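The values are calculated or read from the model by the stated rules, or taken from the named source; none is laboratory data. On a predicted model such as this, the values are computed, not experimentally measured, just so you know. Every residue, glycine as well, gets a Cβ built from its backbone with ideal geometry; the counts of neighbours run over all protein chains shown.
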């Protein structure tokens, strides 16, 4: 939206500055009153008596400055460890200004708002807009990954086209997780005494302990997208509103799952000799075989106990316990 612009009229003695929108963040705010004070800025000194006076002053500023939209962000921070009553109070207070309002909320807050009464839902959830991750073949996702490669300072040696696809698979298109995965991949490369990131490092980073919590989220998101009627799904990962049927994210998840199923079926149909050759060409955990985890070394099984061994252990225990003093009982 356009920024502040001067406006001249016969109703003003001098040019007045018009403001197209108001923006506020709910992070660190205790209630709607603090948000109203942020809108007024330094001019709120004389109107801090109560919320009613703040609303009156904000309505006057809205009409005077021509504010046509109000945007609220970070509303989910108000729901952490608190009930949804405070969030509802803040949103209804902001809606009382009479300006079209847009607020950003995560899935958890959406589920909580759906539990409110109908009068609150009609005011706060009348026109939801679901923001899905970018498609892996979209220009926006490609430009984002290439920008990550650029700012890495030549620390990424993997093929950009392959990295774009692999990052989307391991992050579900969530940009915050993409940055985290690249960071962990660089640590994996440094542990291997290398200074550049390869696809193998990205795969190892996905299987690492540092990425374990995010890996659980990604796998749960894939399960939810494939099985739409899955019960028991985590509410913080399940969209509270119906997702559009022609969704690019859902189609990619299904296609990727079908490709991995076909790959597993192909590997399971190989003979012992063919499987040995396949593992030599594509070792577990390599970029060409990322779906299989590296095999862990099995601990040797304990030897089977014999009667003579048990008797020797018992006699040794009796011999060692002869020198120890007997514990005294409680004093009478």
Can you pull out every residue in the range 115-133 that is surrounded by 13 or more Cβ atoms within 10 Å (Cβ to Cβ) and either under 16 Å from the mean Cα position of the chain (by Cα) or closer than 14 Å to residue 241 by Cβ (or both)? 121, 124, 125, 128, 130, 132, 133
Residue 154 is checked against (1) surrounded by fewer than 18 Cβ atoms within 10 Å (Cβ to Cβ); (2) part of a loop (DSSP other than H, G, I, E, B); (3) touching a helix residue (DSSP H, G or I) at 6+ places or on another chain (Cβ under 8 Å); (4) not assigned by TED's automatic domain parsing to the domain that holds residue 20 and fails just one. What number does that condition carry? (3)
Among the residues of the range 74-86, are any more than 22 Å from residue 118 (Cβ to Cβ), assigned by TED's automatic domain parsing to the domain that holds residue 34 and at pLDDT 85 or above? no
Test: residue 169 is loosely packed, with under 14 Cβ neighbours inside 10 Å and in the same structural domain as residue 221 (by TED's automatic domain parsing): no
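Just to check your reading of the model, which residue among 90, 164, 174 is surrounded by 15 or more Cβ atoms within 10 Å (Cβ to Cβ) and farther than 25 Å from residue 23 by Cβ?
164
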Restricting attention to the range 166-201, which residues are touching a helix residue (DSSP H, G or I) at 6+ places or on another chain (Cβ under 6 Å), closer than 16 Å to residue 218 by Cα and not in a helix (DSSP H, G or I)? 172
Is there a residue in the range 306-317 that is part of a loop (DSSP other than H, G, I, E, B) and either modelled with pLDDT of 80 or more or assigned by TED's automatic domain parsing to the domain that holds residue 166 (or both)? yes
Number of the condition not met by residue 148 [criteria: (1) in a strand (DSSP E or B); (2) over 20 Å from residue 27 (Cα atoms)]: (1)
